[in-house]
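The values are calculated or read from the model by the stated rules, or taken from the named source; none is laboratory data. It should be emphasised that the depicted structure is a prediction, and the values quoted were computed from it without experimental measurement. FYI the Cβ positions are ideal-geometry reconstructions off the backbone, even for glycines, and counts take in every protein chain you see. In case anyone asks, the SASA skips ligands and DNA or RNA and just uses the protein heavy atoms, side chains included. Shrake-Rupley method; radii C 1.70, N 1.55, O 1.52, S 1.80 Å.
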Amino acid sequence: MQTIIERLIECLERGEISRRQAIGGLTALVTATAAGRVPVAAAQDSSTFQAAGLNHIALRVTDIPRSRDFYIKHLGMAVMREGANNCFLRCGEHFVALFRGESPGMDHYCYSVEDYTAGGAAEKLRAQGIQPRVTDNRIYFPDPDGLTVQLAAHGFRG
């Protein structure tokens with residue numbers, strides 16, 4: 001599954017697919033996983049965390065109102081809350097976060113984890129040689145290619 005996600009992100013960053021296509025691909029992957037159609041490695045028992053699902057994707061956009069209106073018009077998303085430099089859009093049981101940035105791209109993606117606490121997650125990551133960034137009850141860390149991963153409690157909605 002990680003390879004599929006990496007391919008989607010690479011295609012997005014190279015401009016081969018749109019943000020909408022990337023979100024659709026990730027949503028399909030999560031749906032397939034939840035339905036048991038994607039094989040899950042036996043190594044789950046020894047993994048650092050068990051992702052319960054993709055919680056949200058955060059995108060950097062150059063124009064918040066323009067991007068907000070695009071996702072509302074073309075994907076039927078609804079504003080959960082918005083500020084001068086961000087907008088959170090409901091996407092079914094999940095959400096897409098838009099953050100103002102100099103150049104467009106993915107800011108981070110977040111997995112829901114059962115029994116999550118930022119302190120406990122930071123401890124587990126440090127034990128694996130990963131130095132996370134902890135902000136309030138949020139934790140971020142880089143994947144092998146430098147993409148930012150966030151963890152959140154199952155049911156976290158921004």
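Quick check on the stretch 84-98. Is at least one of its residues β-branched (Val, Ile, Thr), closer than 26 Å to Gln50 by Cα and touching a helix residue (DSSP H, G or I) at 6+ places or on another chain (Cβ under 7 Å)?
The answer is yes, given that some residue of the stretch 84-98 is β-branched (Val, Ile, Thr), closer than 26 Å to Gln50 by Cα and touching a helix residue (DSSP H, G or I) at 6+ places or on another chain (Cβ under 7 Å).
Rundown of residues vs (1) at pLDDT 85 or above; (2) under 14 Å from Cys91 (Cα atoms), yes/no style:
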residue	(1), (2)
Ile23	no, yes
Ala34	no, no
Arg37	no, no
Ser47	no, no
Met77	yes, yes
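When only residues in the stretch 130-158 that are over 28 Å from Val79 (Cα atoms) and open to solvent by less than 60 Å² (accessible area, probe 1.4 Å) count, which is nearest to the chain's Cα centre (by Cα)?
The residue in question is Asp143.
Are there strands (runs of 3 or more DSSP E) fully within the stretch 65-128 with at least 3 residues that are buried (at least 19 other Cβ atoms within 10 Å of the Cβ)? List them. Please lay out each step first, then the result.
Numbers: elements: 78-83, 86-91, 94-100, 105-113.
In the stretch 65-128, the matching strands (runs of 3 or more DSSP E) lie at 86-91, 94-100, 105-113.
Are any of the residues in the stretch 90-111 under 17 Å from the mean Cα position of the chain (by Cα), more than 21 Å from Ser18 (Cα to Cα) and not polar (S, T, N, Q)?
yes
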